[in-house]
Every structure is written in structure tokens, then in C-alpha cells.
Amino acid sequence: MTVNLLDFDLDRLAVYCEQLGEKRFRATQLFRWIHQKGASDFEQMSDLAKSLRQKLAGVAEVRALPVLAEQASADGTIKWLFDVGNGNAVESVFIPEDDRGTLCVSSQAGCAVGCRFCSTGHQGFSRNLTTGEILAQLWYAEHHLRQRLNLAPGERAITNVVMMGMGEPLQNYSALVPALRVMLDDHGYGLSRRRVTVSTSGVVPMIDRLRQDCPVALAVSLHAPNDTLRDELVPLNRKYPIAELLDACNRYLETAPRDFITFEYCMLDGVNDTEAHARELLALLKGRVACKLNLIPFNPFPSSGLKRSARPQVQAFAKVLMDAGIVTTVRKTRGDDIDAACGQLAGEVQDRTNVQQRLTRQPIRIHATTGSSRQEKRR
């Protein structure tokens, strides 16, 4: 089987070229052709030696992902469904705004975390994506949009990447980090560390590793102000409770490109959205970790059993936080008419985790108390 050059960051591509008897500068040329110019045909790469082009033609390729479907929202959002083989497909979303173009990228076919409000989690988990499959989403979207939008040479379609698509990025760490390095590389997509965001449900050891290996902007899916409730909404909390997560966030800030962590909080009607929850969240975070709160309107999907918080309730929740000096925003819902909004990406996944049986257990219990202590049991 031929080598997929999308699997390589620049250092690994240089090693590969050296194995073919080529110098490092040839790897840089090749890297630019692939990522900056979107070329997949070696014969197009006019400044590469003909001998190298002939070598590559027999052993390597730039392997794109087949596009199974494209949907465009009334607000300009575009969603693509990519085939990753064996009955699995993942979704990516492009969100255009006046001052930026953001691509939401998937890291896994499905997700094993199983957050109760996330459509991907209800699909179960099949497998991790490779580095090449992660980057193929960006490679296709960037170069397809340049043509579609008739951009000038060198003008970017995508200025921001968020690893917020299908999957938990930090549970696919070995494929994630090389992909991030390509996004950041000036010979690749040249994105700022501030404009590449990894979203995690709280895999504490991998947050620490990312801090050392490739610190980019970090978003943490919090969604509850105490362990008891978060255990039910975000099952990973049973392994890495809130106190450990916040400590990891503070360590991350030592090398982060931004001086705050973004906490994401999905607003669920009657579950986590009362003013008492807001005050508890304020007590948890204020003075403990530099942060910004991003309140996310829940995007309903069949089988969730959950409802979106009413707008006045969201505003009252936000006011408690803002009055105390915590920067708080309410995320604008984009692409919900094509199921492209936050939490709605489902794709097509051959579930290996029997998630449907697990998710038909008891409904979420609503806790009247606001104490942050967990039940007396060690999970």
C-alpha cells in the first residue's frame, strides 16, 4: 500500500524523503505543494526534481477522503460527510463569519466518552482517525473553498480550526499532535496557536502532555458546577473529577497561547441551568482559574430526552456570572437547520461500544442540592 503523505508533519516528511535519498529542502518543497497549494498530482509539482516525482509516483500519494455529502445552511455554514471506510463516516463543518472562517474538525469515528447531550456520543465509537484523515478534512475544505469563493492567490479560506467535531481529540493523541503541527507550520497552513483550539471533556493526563508537546488554545467541556451532576452528563468525570481537571487547566495556562481557558457549558432545561447552578459555578471558578465561559444552547436530537434552556433562563444564568466579573458569552447557534450545530454531529459509525444499551439506563436525575461533594464511592 502506498504511503499517505498527509500522515506526515514536516519533520517526518523530511525523514521519509531522506529514505528516498533526498535532502530536507525537497521535503519542504513537497510539503508546501501539498498543504499551501493543495496539489495531489506529483506531476504538478514543477520545482521538484523529475527523479523525485518519479520515485513518489510509485510509493506515495496524497490520499483525500471521499466526500459522501455536502449540506449548506441558510446562514452560510457548510457541512461535509467524509467516508473513512468500513461503513464509517465523519462530519466537518465550515462556519463563515465577517472576520474569520472556522473549520470544525473530527478526530474519531464516533466517541467513547458518551456525554448525554451529544449526538456523536449516542452513535457510539468505532475507531480513531489517522493523522492523514484529520488533516484531509482541512486539506479538502481549504482548497475547495478557495476555488468556490474565488479567493485571490495566497488568501486563506480557513483562519481558525477547532477540534470540536466528532470524537474526543485527547483520546487520539498520537494522531492529533502531528496534525496540529502541520496546521501551525509556516510551510503548511501557518495558523496561529491562538487560532487552533483543542476541545476536551477533561482527559487530565493528556492535557498535561499537550501543554508540553504542542500548546494551542484549550476549551474544556464543563457543563456542570459539581461532580455529582457532571458524573451523569460527562461520564469521564468519574475518572477525572472537577478538582483534578481545574488543576490541570492551571498547569496548562503556564504555556498556553491565551491567558485563559474556555469552559463550555451546554444549557439544559431544568438540569444545569438555574441561577443556583450559576452561583455554584461562580464559587467553583472565580479566583481559581483564569477563564471565559461559553454558554451553548442545547441542540436537540432524537433520543436525548433533553430540552434547550429558554432564552430568558440563559440570560439570567449569564448575568450571575457577568455581574461577578467572569467573561461570559452565549454561543450563536449556526447550521442547526442542517444538523451542523454544536453537539449535533453524528456521521455514520459502526458502533463497537454498544452505546445504545448503556444509554437506555436510568434518566438523568435532577439534584436539588448544590453541594460540590461527590457521593461516597470511588469510581
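Quick note: the coordinates plus some simple rules give every number you see, no bench work behind them. These numbers come from a predicted model, not from an experiment. Note that we place each Cβ from the backbone using ideal geometry, even for glycine, and neighbour counts take in every protein chain shown.
Quick one: plug the Kirkwood hydrodynamic radius of the chain (C-alpha pairs) into Stokes-Einstein at 4 °C, 1.567 mPa s, and report D in µm²/s.
It comes out at roughly 60 µm²/s.
Test of understanding: what is the full-extension gain from residue 322 to residue 47, defined as 0.36 nm times their sequence separation minus their Cα-Cα distance?
Going from the current span to full extension adds 93.4 nm.
Could you go through region 177-185 in sequence order and give the Karplus-derived ³J(HN,Hα) for each residue, using 6.51 cos²θ - 1.76 cosθ + 1.60 with θ = phi - 60°, rounded to whole Hz, and x for Gly and Pro?
4, x, 5, 4, 5, 5, 4, 7, 5
Show the residues, 5+ positions off or on another chain, whose built amide H is closer than 5 Å to the amide H of residue 266.
Those qualifying (amide H under 5 Å, at least 5 residues apart or on another chain) are 223, 296.
Step through the residues of region 214-226 one at a time and calculate ³J(HN,Hα) from phi using the Karplus curve (6.51 cos²θ - 1.76 cosθ + 1.60, θ = phi - 60°), rounding each to whole Hz and writing x for Gly and Pro.
6, x, 10, 5, 10, 10, 10, 7, 8, 6, 7, x, 8
List the aspartates and glutamates whose Cα sits under 16 Å from the Cα of residue 55, skipping any in the same chain fewer than 8 residues away.
Counting by Cα, and skipping residues close in sequence, residue 55 has these aspartates and glutamates nearby: 18, 22, 41, 43, 47.
Going by how many other beta carbons lie within 10 Å of each one, how would you line up 84, 105, 327, 204, fewest first?
327, 204, 84, 105
Just report the Cα centroid separation between region 42-83 and region 184-203, whole Å.
About 21 Å separates the Cα centre of region 42-83 from the one of region 184-203.
Tell me whether region 32-100 comes out rounded, prolate or oblate; compute the Cα gyration tensor, take square roots of the eigenvalues as a ≥ b ≥ c, and use a/c under 1.5 as the rounded threshold.
oblate
Taking just the alpha-carbon atoms of region 3-61, what radius of gyration and Dmax come out, in angstrom?
Expressed in Å, the Cα Rg and Dmax of region 3-61 come to 9.9, 25.
For a quick check: with amide H placed at 1.01 Å from N, whose amide H comes under 5 Å from residue 127's, ignoring anything fewer than 5 positions away on the same chain?
Excluding prolines and chain starts, which carry no amide H, the hits are 109.
Under a Cβ-Cβ cut-off of 14 Å, what is the net charge of the residues other than residue 253 that fall near it, where Lys and Arg count +1 and Asp and Glu count -1?
Local net charge: +3.
Which of the lysines could a cross-linker bridge to residue 79, judged by Cα under 29 Å and excluding same-chain residues fewer than eight apart?
Leaving aside lysines fewer than 8 places away in the same chain, those within reach of residue 79 are 37, 292, 307, 332.
Would you kindly state how much longer the chain becomes between residue 276 and residue 70 on full extension, computed as 0.36 nm times their sequence separation minus their alpha carbon distance, in nm to one decimal?
This chain segment gains 69.9 nm when fully extended.
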